[in-house]
1. Tell me, which residue of the range B:202-227 that is surrounded by fewer than 20 Cβ atoms within 10 Å (Cβ to Cβ) and over 26 Å from residue B:174 (Cα atoms) is farthest from ligand 1 (Cβ to nearest atom)?
2. Here is a list of conditions, (1) over 18 Å from residue B:207 (Cα atoms); (2) in contact with a strand residue (DSSP E or B) (Cβ under 9 Å, 6 or more places away or on another chain); (3) modelled with pLDDT of 90 or more, and residue B:149 meets all of them except one; can you say which number that is?
3. Can you tell me which residue is nearest to residue A:167 (Cα to Cα) among those in the range B:102-124 that are free of Cβ contacts under 8 Å to residues at least 40 places away in the same chain and within 14 Å of chain A (Cβ to nearest Cβ)?
4. Give the number of residues within the range A:128-178 that are facing chain B (nearest Cβ under 7 Å) and assigned to a loop (DSSP other than H, G, I, E, B).
5. Within the range B:314-353, restricting attention to residues that are more than 33 Å from the chain's Cα centre (by Cα) and closer than 21 Å to residue B:253 by Cα, which residue is modelled with the lowest pLDDT?
6. Which residue is surrounded by the most Cβ atoms within 10 Å (Cβ to Cβ), if the candidates are limited to the range B:237-261 and must be over 27 Å from the mean Cα position of the chain (by Cα) and within 25 Å of residue B:217 (Cβ to Cβ)?
7. Suppose the filter is more than 18 Å from the chain's Cα centre (by Cα) and within 27 Å of residue A:75 (Cα to Cα); does residue A:181 pass it?
8. Name the single residue, out of those in the range B:92-101 being part of a helix (DSSP H, G or I) and within 12 Å of chain A (Cβ to nearest Cβ), that is surrounded by the fewest Cβ atoms within 10 Å (Cβ to Cβ).
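The values are calculated or read from the model by the stated rules, or taken from the named source; none is laboratory data. The structure displayed is predicted, hence computed values, not measured ones. Note that each Cβ is placed from the backbone with ideal geometry, even for glycine, and that neighbours are counted across all protein chains shown.
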Ligand SMILES: Nc1ncnc2c1ncn2[C@@H]1O[C@H](COP(=O)(O)OP(=O)(O)OP(=O)(O)O)[C@@H](O)[C@H]1O
Ligand SMILES: [Mg+2]
């Protein structure tokens, strides 16, 4: 009896969590020029308009580029930091550990103001360098997390065995450590890409016209009009995230199964 | 010195923060092609010695020479050693052949030569048919053989083995023991072998170093160590023994507390206290007489070829290993007499009274 009640509550919770997404998906097919629920008639009209909107298309392209650059750089930086944190005992290690955690604790809006104040005097506002640096600030903590986890599970004896059998320190890293932490690198890179791809708060402070990203364009568009195009765009954003996650799951899943 | 392949001199290792050294002035020299076993209880510093020789940790002081050349400052990857780790430490993301080829690759051996060498090494350890397998899909014994092939294919100056058999079940352990020994003598590689199993050490090594608390207590052939242990620790660690202490009453004769007179074949001054030992297999069933002790059989363990029995004499226990073909065997509660020839009594130490 209490079990059914329990199941019912859990189902309700899921519904509550998923409801906004469901509403957005349904509204994206509405034919009216304003946002309202439930729709009266359905079509793919909003999607057609989104794909015809040059602003959205080029912002999407920039978001992907920025996301890829951020993902790659966050993995490289995350690897270096993780190696230092896991493998070496140095003075100030605790401090570095805390600094890396900090972006988890500080609200994005606060970070945004801080990052803006730092980037402005360097003339980096509304530049690719600026937005990538800003996104690195919030994504590196995640790559450090996943890569540190992978690194801690690498058996030191395996690396020592490589060394004894003739591998230079660099060869040990290239041939042993790197392949063994690859799942952590991929996971970290994907998370960094997705965060960068979805990030709006900080981006709004950094970019204006030249390097606007898809989330900032959605925000700009919302300021002047609210129609189902926004819903369609949101569905496309969600779809990209889901596709990336599934692709990686399949990829790493397959590698593990081999 | 130069005739020795490996020379270790006064090697000391004190780990940072440790009060006492883990390895304390260890010295030994090993001719080419010999196999040395480092034997001792857990924590006595065996692995530490091996890791210093491999270059994985730095000695606090002391010298390590290979072919007459000091190698303490040589980086690990240039020492040309093969090593079999306790848990094998195979490269989990590579195939069996990939693991074995690794060292050759690092030495820049061209691809065309690598293939045949890897195959030969795999054939030697009977894994020739499993080259394409991932190492994670091997049994414990196969992993161990893969680790041996990986360390031998590079034709190392020195082969280091850290308890390579400890993860195997008893039957496989016996097989691998013979196999390692055979491979070692066939390839003629100089080897240092760490173990805390005395049977393993006795049956595999040309020479044996018995260690305790970071020091080498005795180094010698298995025979020397077993028959002429330098002290009580070595005697007790290698094989079982009946330890008897007493006072020398006449040349070659001591009065053992609770047992009576025992004759032994070693010089010791009259009046001093001596520590003697009789190995269980040195006792024979006999009629009462000199160097014989009579008592009641307290326990019996039948082991096929050998019968281990314990008798109580004057409040103390003596154990004996008797061959089961020796006529009628005693039963529990029987009164028997155990005799030992004076030459079979091991003299351990002497101290002034
Ligand atoms: N990295 C280390 N830091 C500090 N102390 C260590 C370290 N490694 C080993 N020790 C200490 O040094 C001593 C010798 O250790 P070692 O591993 O050489 O022993 P062992 O003879 O190989 O033992 P076992 O048979 O259990 O493998 C031990 O007391 C151990 O606690
Ligand atoms: Mg050890």
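1. Within the range B:202-227, the match that is farthest from ligand 1 (Cβ to nearest atom) is B:215.
2. (2)
3. First, the residues of the range B:102-124 that are free of Cβ contacts under 8 Å to residues at least 40 places away in the same chain: B:105-106, B:108-123.
Retained after the next criterion (residues that are within 14 Å of chain A (Cβ to nearest Cβ)): B:105-106, B:108-109, B:114, B:117-118, B:121.
Details: B:105: 9, B:106: 6, B:108: 11, B:109: 13, B:114: 16, B:117: 19, B:118: 17, B:121: 20 Å.
Ranking the candidates gives B:106 first.
4. Of the residues in the range A:128-178, 5 are facing chain B (nearest Cβ under 7 Å) and assigned to a loop (DSSP other than H, G, I, E, B).
5. Checking each candidate, the answer is B:353.
6. B:254
7. Yes; evaluated as a whole, the condition is true for this residue.
8. In this case the residue turns out to be B:98.
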